[in-house]
Amino acid sequence: MSAYGIYLHVPWCVRRCPYCAFYVERDVGADWDRFLDALLREHRLRAIEFPGAAATVFLGGGSPSRMPLAHLKRLLDALPRAPGAEVSLEANPEDIDAAWMAGALAAGVNRLSLGVQTLDVQHARTLGRGAGPDRARQVLDAARTAGFRSWSADLIFALPGQTLADLERDLDALLAYEPPHISLYGLTWEPGTPLHSAWQRGRVRPADEDTWAAMYDHLVERLSAAGLARYEVSNFARPGHACAHNQLYWTDTPYLALGPSAHGYAPSGRRWVNRPDAQAYLDAADPTDTSELPSPMQHAEDILVSVLRTPEGLPQGFLAARTGYELDAAVVARLRTLGLLQADPQRVALSHAGFPVADGVIRTLADGLVEPESAA
């Protein structure tokens with residue numbers, strides 16, 4: 001079969017960050033032996049749909065850096081990987097040091113994604129970052145010379161009370177370590193999170209839309225000047241350092257997902273979601289919560305949500321060939337007139353002005369999907 005990736009969700013963290021809406025559990029006596037057995041059991045269940053070796057492996061969470069190195073090595077040794085496969089692991093700076101990095105390399109990890117988020121002391125407190133900026137700086141310094149094929153750092157912007165000058169200092173501090181990849185995230189206020197509750201009680205206030213857009217535009221400009229090109233709405237990389245696993249998501253490529261709450265996409269088009277329950281996962285013969293074969297319309301919407309997040313955009317004919325649906329020419333023309341889209345005989349893509357409002361543009365295009373014979 002064509003290339004596929006493996007995603008593993010490791011749900012345990014030392015603490016839940018107040019902005020986090022992912023499925024995580026506090027790491028209180030996690031049974032790593034049983035968890036590893038459960039992951040490999042699920043892999044045997046899913047592998048029939050994913051013959052051959054994976055092009056990429058990505059451990060996310062949660063904090064996969066909480067997994068003992070011996071278990072990490074056993075896990076990676078058991079997964080079928082193509083020669084030279086990218087193996088990424090998300091790491092919390094408070095979990096790791098230079099010795100841990102050497103052990104992760106020996107276990108098979110060749111790409112590290114560091115959850116730095118901010119190097120500002122006050123904003124780190126707001127985000128609930130336990131180790132603080134000093135530890136993050138130590139880890140950034142160690143990552144530069146650890147020997148990974150590539151590494152990345154996350155940066156969150158549009159924080160409560162953050163000014164453009166604050167952001168500039170944060171970015172300057174991060175760029176001093178010359179990361180080959182940076183992932184940017186505008187702070188989201190997800191219902192059910194402590195941060196959202198604090199907002200509802202009037203204790204904090206989100207950045208307004210103009211501030212958010214100004215910060216994003218400034219970051220894009222600064223990162224470009226520093227040699228990090230935008231290859232997706234939130235991801236910037238130096239040449240040769242784009243994340244191969246994430247690019248599978250943005251090219252409608254299947255991925256085998258393992259772990260509690262993991263979302264997978266089989267080559268048949270079937271999508272599944274595992275139950276968000278770590279304890280139940282440990283004993284489940286089949287941890288699937290929901291499974292469905294999306295309709296052609298749903299598949300078309302999924303493609304728009306993923307493929308249009310990249311500068312290359314959607315190749316002409318790609319959508320119709322895979323789903324039988326096309327973009328409405330009148331909707332494309334209207335968005336192009338507004339300066340939010342670029343369109344030519346080869347592709348449709350977000351413009352520079354369209355990237356900050358990508359979700360809205362994509363929603364508008366999805367609402368206007370038509371079957372080929374109905375296209376305007």
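Every read-out reported here was derived from the displayed coordinates using simple, explicitly stated rules and does not represent laboratory data. Computed from a predicted model, the values in this text were never measured in an experiment. Reconstructed Cβ throughout: ideal geometry from the backbone, glycine too, with neighbour counts over all protein chains shown.
Pairs of Cα atoms under 8 Å, at least six residues apart: use those to get the relative contact order of the chain, whole percent.
Reported as a whole number, the value is 15 percent.
State the Kirkwood hydrodynamic radius of segment 296-374 in Å, one decimal place, computed from all pairs of distinct Cα atoms.
Numbers: mean 1/r = 0.0824 Å⁻¹.
It works out to 12.1 Å.
Could you check what % of the DSSP bridge pairs in segment 122-275 are antiparallel, to the nearest 5?
65 percent
Can you compute the helix-only [θ] at 222 nm over the chain? Use -39500 (n - 2.57) per DSSP H run of at least 4 residues, normalise by all residues, nearest 500 deg cm²/dmol.
Result for the chain, helices only: -11000 deg cm²/dmol.
Could you tell me which Cys residues in the chain have no other cysteine's Cβ under 4.7 Å from their own Cβ, answering none if every one has a partner?
So far as the 4.7 Å Cβ criterion goes, 13, 243 stand without a partner in the chain.
Quick one: compute a quarter of the convex hull surface over the Cα atoms of segment 215-339 and quote it in nm².
10.7 nm²
Taking the Cα centre as origin and putting +1 on Lys and Arg beta-carbons and -1 on Asp and Glu beta-carbons, what dipole magnitude results for segment 5-249, to the nearest 20 debye?
560 debye
Put one equal scatterer on each alpha carbon of the chain, apply the Debye formula with no solvent term, and list log10 I(q)/I(0) at q = 0.08, 0.09, 0.14 1/Å to two decimals.
-0.43, -0.55, -1.37
So in the chain, what percent of DSSP beta bridges are antiparallel if you round to the nearest 5?
Details: 20 of 51 bridges.
The antiparallel proportion sits near 40 percent.
From the gyration tensor of the Cα coordinates in segment 150-220, what semi-axes in whole Å does the equivalent ellipsoid have, largest first, with each one equal to sqrt(5λ)?
Working from the Cα gyration tensor, I get semi-axes of 25, 14, 10 Å.
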